[in-house]
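Everything below concerns the one structure shown next.
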Amino acid sequence: MGNYKNIAEKVEKRQRISSDECLLLLKSADLFLLGRLANDLRLSSSPADKVTYVVDRNINFTNICVSECAFCAFYKNPESKEGYVLSDEEIFRKIEEAVKAGATQILMQGGLNPSLSIGYYEGLLRKIKSRFSVHVHSFSPPEIVFIAKTSEIEVKEVLLRLRDAGLDTIPGGGAEILVDRVRQEISPHKCNAGDWLDVMRRAHELGIGSTATMMFGHVESLEERVAHLSKIRELQDETGGFRAFIPWTFQWENTKIGKVTTSAIEYLRTVAISRIFLDNIKNIQASWVTQGPKISQLSLMFGANDYGGTMMEENVVRMAGASFRMTEKEIIELIKHAGFVPARRDTNYNVLEVMS
C-alpha cells in the first residue's frame, strides 16, 4: 500500500490513489495531514475563494413506508394512524412559501408508499411545473426502484416518465453504505447496492444529474466505507453525472440501531478522505444538519466547498435526533468567518449571486 509519505506525494502531484491507499489514510493518517491534503485540493478547484449554498426546501410528502429501515425514526407503516400523504394543496403552499423566500430548488422525498404509483408522481410533477418556476430535485433511487415495482414497469421507464413530467435531478439519498452486508443489516427491504447504482447510471444516461451521499458511523467497517467511495468513483468515471458528494453521520436517537456516536474528528477525517479519493467529483458538501455550525464550518478546511441547502424544512434527520437549524443569514456569516466568499447557487452549481 505504500507509506504515508508516498501517498501524500501522490495526492500532492494530483495522482489518483487506490482503495488500499485510501483505507490506509482513513485508518491511520494524521488528522492534520488529511486536512492539509484535502484543503490543498479544494483550493485548487474553482472557484477557490467561494463556498456555495442553495436556498431550498425539503418536502416530505408522505411518511408511509414499508422499508422499515433500522436507522429511520420518520417512517410509519401503511396501517398507522399517524401515516400521511400531503394534499396537492399543502405541497403547493409549501412550495409557494419557499419560492417567496428565494428558493430555487425543491427537494421532495417520501417513504416507499405502496398506495402511490407512477401516475401519482407524474401528475404531481406536472401540477408543480405548471404553477412554479422551480427546480425539482426529488425521488431518491430506492423510491425510483419501488415505483417501478409497484407500477410493474422498468426503472428506465419510470425515469423517462418522471423526467418528461418535470423531474430535473435526483438526490443521492438511500445510498447509506453501498455494501449489501451493511444494507441487509440496516435496510433489508430497501433496494440493494447494485440497484442504487443502476438507477443512477440510467438517470445519468438520460441526462438526469444527481448527487451522491454516504451515511456512515453505524454498523459499517472502514473497509466498507472505502468500498462505498470506490463504487461512487467508478460510476462517476463512467457517467460523470454526480454533481456533488455529501457524507453525513448516522443519527442514532429514536432508531432501532441504538446509541452509536461518531466524533467530530471522525467526521472531518471522512470529509477529507472524500475530497482526496473522489478526484472526479468537484463538490463536497458540509453537513451542518448533523454536525452543527462550528464543525460544519471547520469542514471547509478539510475539503468541503459547499454548505448545501438552507432547508426551510427537514423532518427525516430531525426525527432521528438532529436538532440543528440555520437561516441563510447564519450560513453566510459562517462562510465569511471561515475566510471564504459566500455564493448562492442553483442545483447545478451555477453561481447566482455572490454575497460579498
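All of the numbers you see were taken from the coordinates with simple rules; none came from a lab. A quick note: this is a predicted structure, and the numbers were derived from the prediction, not measured. Every residue, glycine among them, receives a Cβ derived from its backbone with ideal geometry; neighbour counts consider all protein chains shown.
A cut-off of 5 Å between modelled amide H atoms, ignoring neighbours fewer than 5 places along the same chain, links A29 with no other residue.
DSSP beta bridges in the range 4-354, what fraction antiparallel, as a percent rounded to 5?
On the way: 4 of 28 bridges.
Counting DSSP beta bridges with both partners in the range 4-354, the antiparallel share is about 15 percent.
Note on the chain: with charges restricted to the Cβ of Lys and Arg (+1) and Asp and Glu (-1), its dipole about the Cα centre is near 600 debye.
Ranked for footprinting exposure by Cβ neighbours inside 10 Å, fewest first, D237, D168 give D237, D168.
Loop-located trypsin sites (Lys or Arg not before Pro) in the range 76-178 (DSSP state not H, G, I, E or B) with no more than 15 neighbouring Cβ atoms inside 10 Å: K81.
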